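The values are calculated or read from the model by the stated rules, or taken from the named source; none is laboratory data. Quantities reported herein were computed from a predicted structural model and do not represent experimental measurements. Cβ coordinates were reconstructed from backbone atoms using ideal geometry, including for glycine residues, and neighbour counts include every protein chain displayed. Accessible surface areas use protein heavy atoms only, side chains included; no ligands, DNA or RNA. Shrake-Rupley method; radii C 1.70, N 1.55, O 1.52, S 1.80 Å.
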Amino acid sequence: MGSGDLELIFDRVGHFGRFQIFLYVVCAFQNTSCGIHYLASVFMTATPHYVCKPPGNVSMVLFHQDTTLGLEDIWALFSPGQEDHIALQLQNGTIWELTGCHMYWRENAVHLEYDYHGSKHEFPCSGGYIYDWRKWESTVVTEWNLVCHQEWLAKMIQPTFMLGVLLGAVIFGYLSDRAGRRLILRCTSIGQFFLGIAVAFTLDYYSFMVTHFLLAMVASGYLVVMFVYVTEFIGMKARTWASIHVHSFFAIGIMVVALVGYLVKTWRLYQIVLSVVSAPFALCCWMLPETPFWLLSQARYEEAQKIVDKMAKWNRASSCTLSELLSLDHNGPADNNLPKGKKPNISDLFCDWNIAIRTLCIWLIWFTGSLGFYFFSLNSVNLGGSEYLNLFLMGAAELPAYVFVCIGMDKIGRRKVLTLSLISSAVICGVIMGIPQGYHIWSVVASMVGKFTMAAAFGLIYLYTAELYPTIVRSQAVGSGSMMCCVGSIVAPFCIYLTSVWRFLPQLLVGTVAFLSGGLTLLLPETLGKPLVTTWEEAAKLESGKLSSCRKLLHTTNNIELEKTDVINPETSGLCE
């Protein structure tokens, strides 16, 4: 059955009727849970102020010129980024100096004073640490003392999660082609619920990391297969709008993280509350039907006919007989027209110099979009002011970005919107570097604009990539771009850690990459108002009007059919938020 025939089904039963709207809302709602788990570690792994636990009972504490009777009263005097020590006197008369990772015994000290220039003996924090409990009663960091020489363990939590995202996209995308979209949606939805709860009950760091990694895999698997699932139920007329706005539910998940983080101060309860969001879908996902696309690919025609009939009934339209549509396809599947013995692979994306440059540019844009997207989200807690409000605003900034993309790409073109978004992101990074420290309101506003521009680029690049390549390698192009997207999400947390080298080094790095990507976008052809290309010849004509040296992969007789729609293969074209 040709892909054009599949589009005829939507012409008969509706491109986005009540049936598709119901499935879209139900499945996209669960995407909120993916956004939650992707950003939950922002607060779950927060590191409060801390110092070594003193080796005895404290009688007096001194911080600069301020004296108190207990360490719990000293935290209000600390400023962000301050690493000054604390001087204290124990009840046995000895005087100690406490820092984050070491404590010092003042050998001949008689009076408690802040600055001491005499002999001191250094000791490790063998008794543990004392944390500032004002913002978080417990986090993963305070639970297992992931500070000082174990700080790197805390910094590996988010990158390891993103590695799980990468593997989940590949594995569950592959399985959905073999076992069906519906089964994988059920498994990943139930997995998100139970693994999310299981994370809250882990007993040590390593069991936490394993469970958190598995949670990343199922969350990513759901995101990938959900996108394919709703796309295969929506006709061409509504597919662009629906594919872009599905990101909005992910943004709502980020906002939920901020709200729950503000209300719940213990990381275990925080994780449980966030995981409960997926409970309604986990209980109802058994109601979802399989997609006609997949059923037809498995020659399960009777089941596909029942789904099409149900779709027509919900949409109050007349159904169609699939056997009649199948008889119209005299040429057979498009793959029958491929050169014998040759299957598409990633090397086809470099078949000549022009296409190779196009591929490298697209890969860089995917990487940049993901890097910037997660950089602005994860770094929001470091901007000053309320960490919860900052993250909430970063999520809210995405919602108008997707509206802007839907309007702008059809008004001024894909390339102009993408270039404008990336260059604007680079400019915003420069503006942030010029904002003096302490002006956190301006930093938050600038970061919101940066998140807006990055979200716009991130929302557009999937569709733009699909339009730049011919049908036979379209999934390869989008899938390889998604892999680069996952690489960007893994690099983003390490980028934030560069603040220890220089406060603005992350902004410099993201801004430079964004500016370079925006400039290279100008090398790409515009696809506005042009049909989907089906041959390498047509793909080359987008840019130069000359025939490409690549082989012609599809015969002209099937061009009209393949211009209408393209079946998405989740094994190679997964989304990586």
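Observations on the model:
- Looking across region 283-296, the residues that are open to solvent by less than 20 Å² (accessible area, probe 1.4 Å) and among the hydrophobic types (A, V, I, L, M, F, W, C) come down to C285, L288, W294, L295.
- The residue of region 196-253 that is modelled with the highest pLDDT, among those that are part of a helix (DSSP H, G or I) and among the charged types (D, E, K, R), is E232.
- For region 31-76, the tally of residues that are closer than 25 Å to P124 by Cβ, without any contact (Cβ under 8 Å) to a residue 60 or more places away in the chain and in contact with a helix residue (DSSP H, G or I) (Cβ under 7 Å, 6 or more places away or on another chain) stands at 3.
- Members of region 254-275 that are open to solvent by less than 10 Å² (accessible area, probe 1.4 Å) and either in contact with a Leu (Cβ under 6 Å, 6 or more places away or on another chain) or not in a helix (DSSP H, G or I) (or both): I254, V257, A258
- Scanning region 380-435 for residues that are touching a helix residue (DSSP H, G or I) at 6+ places or on another chain (Cβ under 6 Å) and of a type in the set (D, E) gives E387, E398.
- Counting only strands (runs of 3 or more DSSP E) wholly contained in region 77-143, the ones carrying 1 or more residues that are open to solvent by 40 Å² or more (accessible area, probe 1.4 Å) and either without any contact (Cβ under 8 Å) to a residue 12 or more places away in the chain or of a type in the set (D, E, K, R) (or both) occupy 120-124.
- Of the residues examined, G450 is not one that is surrounded by 24 or more Cβ atoms within 10 Å (Cβ to Cβ), modelled with pLDDT under 90, assigned to a helix (DSSP H, G or I) and not aliphatic (A, V, I, L, M).
- Hits in region 189-210 - residues which are open to solvent by less than 20 Å² (accessible area, probe 1.4 Å) and within 20 Å of the chain's Cα centre (by Cα): S189, G191, Q192, G196, V199
Okay, residues lined up against (1) open to solvent by 20 Å² or more (accessible area, probe 1.4 Å); (2) small (G, A, S); (3) closer than 23 Å to M409 by Cα:
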{"position": "G221", "(1), (2), (3)": "no, yes, no"}
{"position": "M226", "(1), (2), (3)": "no, no, no"}
{"position": "I234", "(1), (2), (3)": "no, no, yes"}
{"position": "H247", "(1), (2), (3)": "no, no, yes"}
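- Region 42-67: number of residues that are open to solvent by 40 Å² or more (accessible area, probe 1.4 Å) and of a type outside the set (V, I, T): 10
- Looking across region 126-140, the residues that are under 11 Å from Y50 (Cα atoms) and either charged (D, E, K, R) or at pLDDT 90 or above (or both) come down to G128, Y129, I130, Y131, D132.
- Filter pass, A251 being touching a residue at least 60 places away in the same chain (Cβ under 8 Å) and either of a type in the set (G, A, S) or on the phi > 0 side of the Ramachandran plot (or both): yes
Matching residues to (1) part of a helix (DSSP H, G or I); (2) open to solvent by 50 Å² or more (accessible area, probe 1.4 Å); (3) touching a strand residue (DSSP E or B) at 6+ places or on another chain (Cβ under 9 Å); (4) farther than 23 Å from T465 by Cβ:
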{"position": "R358", "(1), (2), (3), (4)": "yes, no, no, no"}
{"position": "Y374", "(1), (2), (3), (4)": "yes, no, no, no"}
{"position": "L391", "(1), (2), (3), (4)": "yes, no, no, yes"}
{"position": "A401", "(1), (2), (3), (4)": "yes, no, no, no"}
{"position": "I432", "(1), (2), (3), (4)": "yes, no, no, yes"}
{"position": "I441", "(1), (2), (3), (4)": "yes, yes, no, yes"}
